[in-house]
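As structure tokens, the structure follows; a few thoughts come after it.
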Amino acid sequence: MAYLLRVLIFLMVIGISLTAGVALGWFELSYSHIHLAIITFIYTIFAQAFVMFYFIGVARLMNNIYSVLQSKANLTELFDNPPEDLEPYKKKAIKFVQDADRCKRQTIPWTMLMLVLGSIAFLLGGAHDTNLVSKVVHSGVVYGFMAAMFIGFFRQWHYLKVSHIALRKVKALFEIPDGQM
């Protein structure tokens, strides 16, 4: 899943960069940057929603595993034959919870900032098109959006790897098949 999400956010960066390049006159396409912006921002919302829910889901899974180990109820969800000593599992599970929470805390704010700045830039683009705001205002917000997008992209790229490795370790620890979450 992490690889699919990496492809999604990479395509998002390519789409936004292409749109900005057309707007700045670096590229000539048969579509204007307005048409490209509509498509790429809808795609950006789609990609960022997937990324955000992935990190939320991974953190939720890790918290659920830790709470099952703490309560010692429903241990059959994690083990075929639950062991007597759960301490080694608890130590590893708390580490997984901390890693997943850190990944979520380090990426979701950038996702939200991207979505907010992108929405504002999109709306200001329409306002500029109808001569309600100047080009400078629209361009400034777009540059802010792009800065947040590039920072968020690299953070998401890194923490997708961290979350993927943590999921692999959890699946190995509890002998969960690859196709099952």
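The values are calculated or read from the model by the stated rules, or taken from the named source; none is laboratory data. Not measured: the values here are computed from a predicted model. Because the Cβ atoms are built from the backbone with ideal geometry, glycine has one as well, and the counts that use them run over all protein chains shown. Surface areas here come from the heavy atoms of the whole protein model, side chains and all, with no ligands, DNA or RNA. Shrake-Rupley method; radii C 1.70, N 1.55, O 1.52, S 1.80 Å.
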Using a 7 Å offset from the Cα along the Cα-to-Cβ direction at both ILE165 and VAL7, what is the distance between the two label points in nm, to one decimal? 2.3
Probe 1.4 Å, heavy atoms of protein chains only: per residue, the accessible area of the chain in Å² is 59
For region 113-157 and region 1-80, distance of Cα centres in Å: 18
Hey, got the Cα dimensions of region 88-178 along the principal axes, in Å, largest first? 64, 22, 15
Just SER30, SER134, SER17 to compare: in a GNM of the chain, with alpha carbon springs under 10 Å, which one fluctuates most? SER30
For the SER30, THR130 Cβ pair and Förster radius 22 Å, calculated FRET efficiency rounded to 0.05 is 0.40
Between PHE79 and GLN106, what is 0.36 nm times their sequence separation minus the Cα-Cα distance? Round to one decimal in nm. 6.6 nm
On each of the three principal axes the extent of the alpha-carbon atoms of the chain, given in whole Å and largest first, is 71, 26, 20
Largest first and in whole Å, give the semi-axes of region 1-98's equivalent ellipsoid, each being the square root of 5 times a Cα gyration tensor eigenvalue. 47, 11, 9
Return the carbon/sulfur percentage of the accessible area of the chain, one whole number, probe 1.4 Å, all protein chains in place. 65
Springs between alpha-carbon atoms under 10 Å, Gaussian network over the chain: tell me which of TYR31, TYR89, TYR159 tops the mean-square fluctuations. TYR31
Among ILE94, SER67, SER139 - extreme Cα towards positive end, dipole of the chain, charges at beta-carbon: ILE94
To the nearest 0.05, the calculated FRET efficiency linking ALA49 and HIS158 through their beta-carbon distance, R0 being 22 Å, is 0.65
